[in-house]
1. If you scan the range 141-156, which residues turn out to be open to solvent by 20 Å² or more (accessible area, probe 1.4 Å), touching a Gly at 6+ places or on another chain (Cβ under 9 Å), in contact (Cβ under 8 Å) with a residue 40 or more places away in the chain and not acidic (Asp, Glu)?
2. Could you identify the single residue in Leu202, Leu227, Leu231 that is over 22 Å from Leu101 (Cα atoms), open to solvent by less than 10 Å² (accessible area, probe 1.4 Å) and out of contact with any Pro (no Cβ under 9 Å at 6 or more places or on another chain)?
3. Quickly run through the range 207-217 and pick out the residues that are buried (at least 17 other Cβ atoms within 10 Å of the Cβ) and either assigned to a loop (DSSP other than H, G, I, E, B) or not acidic (Asp, Glu) (or both).
4. Just for strands (runs of 3 or more DSSP E) wholly inside the range 111-206: which have at least 1 residues that are among the acidic types (Asp, Glu) and within 27 Å of Phe313 (Cβ to Cβ)?
5. Of the conditions (1) under 30 Å from Pro303 (Cβ atoms); (2) open to solvent by 40 Å² or more (accessible area, probe 1.4 Å), Leu126 fails just one. Which one is it?
6. Looking for something open to solvent by less than 10 Å² (accessible area, probe 1.4 Å), closer than 30 Å to Pro303 by Cβ and either in a strand (DSSP E or B) or modelled with pLDDT under 95 (or both) - is there at least one such residue anywhere in the range 69-78?
7. I'd like to know if the range 372-379 contains one or more residues that are part of a strand (DSSP E or B), in contact with a strand residue (DSSP E or B) (Cβ under 7 Å, 6 or more places away or on another chain) and open to solvent by 30 Å² or more (accessible area, probe 1.4 Å).
8. For the range 54-93: of the residues being in contact (Cβ under 8 Å) with a residue 12 or more places away in the chain and among the acidic types (Asp, Glu), which is farthest from Asn223 (Cα to Cα)?
Amino acid sequence: MMMMRSSSSSNSSVVVVREIDENKDRFGVEDVERRCEVGPSGKLCLFTDLLGDPICRVRNSPAFLMLVAEIGEEIVGMIRGCIKTVTCGKKLSRNGKNKHLPVYTKVAYILGLRVSPSHRRMGIGLKLVTRIEEWFRETGAEYSYIATENDNYASVKLFTDKCGYSKFRTPSILVNPVFAHRLDVSSRVTVIRLGPSDAEALYRRKFSTTEFFPRDIDSVLNNKLTLGTFLAVPRGTYTPESWPGSDLFLSNPPESWAVLSVWNCNDVFKLEVRGASLVQLTLAKTTRIVDRVFPWLRIPSVPEVFSPFGLHFMYGLGGEGPRAVKMVKALCGYAHNLAKESGCGVVATEVSSGDPLKLGIPHWKKLSCAEDLWCIKRLGEDYSDGSVGDWTKSPPGLSIFVDPREF
């Protein structure tokens with residue numbers, strides 16, 4: 001535990017930053033979460049219900065820590081952090097076959113930084129970041145990064161001006177409603193569900209050099225929250241019964257194919273949009289009623305986001321060939337129908353803003369974020385590999401792997 005002192009204009013207060021006590025601190029954490037809505041005041045705001053588990057957003061990571069800040073016995077802030085090993089670049093194999101191998105580094109991720117509105121501008125956020133970075137260094141992390149909204153100026157200023165982070169990547173969060181009707185999946189495509197070992201083999205062979213690819217991809221795929229990995233191929237190429245396994249598939253792949261996995265956020269947290277006007281609520285409800293009564297019309301309906309809803313997250317999107325975009329679209333339709341069966345309100349994913357497969361991902365602009373901002377900081381002087389150097393200065397690639405455990 002670390003004790004730090006901060007002063008306001010009227011009195012001096014002792015701010016204690018310590019590791020969370022899940023049983024003791026649960027209600028205090030929930031109270032701060034309720035008061036720290038995401039979104040500008042007076043407009044639509046996004047609230048998160050962690051379903052009674054304040055650590056749920058990092059609990060599935062290889063190493064994690066949650067800290068709280070308190071004054072007296074009142075919790076006034078919190079921060080979560082996790083550490084994993086990911087791909088930060090690639091290098092040529094030494095066997096002379098012109099094959100690229102991943103270069104790994106230990107990276108930390110900060111999420112869920114909250115400071116109670118009544119205790120802001122007291123340096124509490126900076127204290128929380130400083131303390132969790134100490135744990136990152138003690139645990140051997142070489143880099144730390146955060147994700148925030150581009151227009152969250154207070155967050156961007158804190159990390160870039162005061163904490164030494166630099167703007168790094170700007171992936172896109174794409175969100176699509178789950179309608180009352182099922183979506184048609186192209187009859188020209190066959191969707192095959194892969195087992196965890198087949199999925200791992202395919203991901204390691206084809207995507208291990210993608211930036212932020214987790215070295216423990218097997219842990220992700222075998223996690224109970226992963227609902228499956230789905231491969232799209234041209235109809236007539238393979239069937240679920242004739243699937244030969246990933247090794248044989250990759251030795252002679254079809255001209256075009258695509259893959260994605262689905263993570264069940266629905267069992268981890270719920271979201272809710274608040275602040276909608278009566279007109280907006282009425283319009284949204286009307287579209288849903290029409291969609292339920294006349295599903296064959298395929299009328300797009302506004303999802304039920306004004307009461308608590310769950311989501312499925314699509315990760316590990318990839319593919320090859322001239323029809324890969326269409327294959328991705330078919331997989332997104334398949335994932336939509338899976339989410340409908342689970343009672344989700346939306347399906348979401350996050351991809352590099354320049355990823356060509358982005359064109360195949362259906363989404364509503366009103367629900368999506370065109371530019372999520374990732375900021376990064378080097379924590380140590382040593383690097384994982386000389387072929388990469390300082391990762392913070394590297395140019396972005398076409399693709400990025402977004403770990404569902406941290407979404």
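The values are calculated or read from the model by the stated rules, or taken from the named source; none is laboratory data. Note that the structure is predicted; figures quoted are calculated from it, not measured. Glycine also receives a Cβ, built like all others from the backbone with ideal geometry; neighbour counts cover every protein chain displayed. Note: accessible area is taken over every heavy atom of the protein model, side chains too, but ligands, DNA and RNA are not part of it. Shrake-Rupley method; radii C 1.70, N 1.55, O 1.52, S 1.80 Å.
1. Of everything in the range 141-156, just one residue is open to solvent by 20 Å² or more (accessible area, probe 1.4 Å), touching a Gly at 6+ places or on another chain (Cβ under 9 Å), in contact (Cβ under 8 Å) with a residue 40 or more places away in the chain and not acidic (Asp, Glu), namely Ser155.
2. Details: Leu202 fails: over 22 Å from Leu101 (Cα atoms); Leu227 fails: open to solvent by less than 10 Å² (accessible area, probe 1.4 Å).
When all the criteria are applied, what remains is Leu231.
3. As a first pass, look at the range 207-217 and keep what is buried (at least 17 other Cβ atoms within 10 Å of the Cβ): 207-215, 217.
Residues satisfying the conditions are Phe207, Ser208, Thr209, Thr210, Phe212, Phe213, Pro214, Arg215, Ile217.
4. Values: elements: 143-149, 166-169, 172-177, 189-194.
By residue number, 143-149.
5. Leu126 satisfies every listed condition except (1).
6. Going through the range 69-78, the residues open to solvent by less than 10 Å² (accessible area, probe 1.4 Å) turn out to be 69, 76-78.
Filter again for closer than 30 Å to Pro303 by Cβ, leaving 78.
The next check asks that each one be either in a strand (DSSP E or B) or modelled with pLDDT under 95 (or both); those that pass are 78.
Scanning the range 69-78 turns up at least one residue that is open to solvent by less than 10 Å² (accessible area, probe 1.4 Å), closer than 30 Å to Pro303 by Cβ and either in a strand (DSSP E or B) or modelled with pLDDT under 95 (or both).
7. Filtering the range 372-379 down to residues part of a strand (DSSP E or B) leaves 372-378.
Still in the list and also in contact with a strand residue (DSSP E or B) (Cβ under 7 Å, 6 or more places away or on another chain): 372-378.
This time we only want the ones that are open to solvent by 30 Å² or more (accessible area, probe 1.4 Å), so: 377-378.
Yes, the range 372-379 contains a residue that is part of a strand (DSSP E or B), in contact with a strand residue (DSSP E or B) (Cβ under 7 Å, 6 or more places away or on another chain) and open to solvent by 30 Å² or more (accessible area, probe 1.4 Å).
8. Glu74
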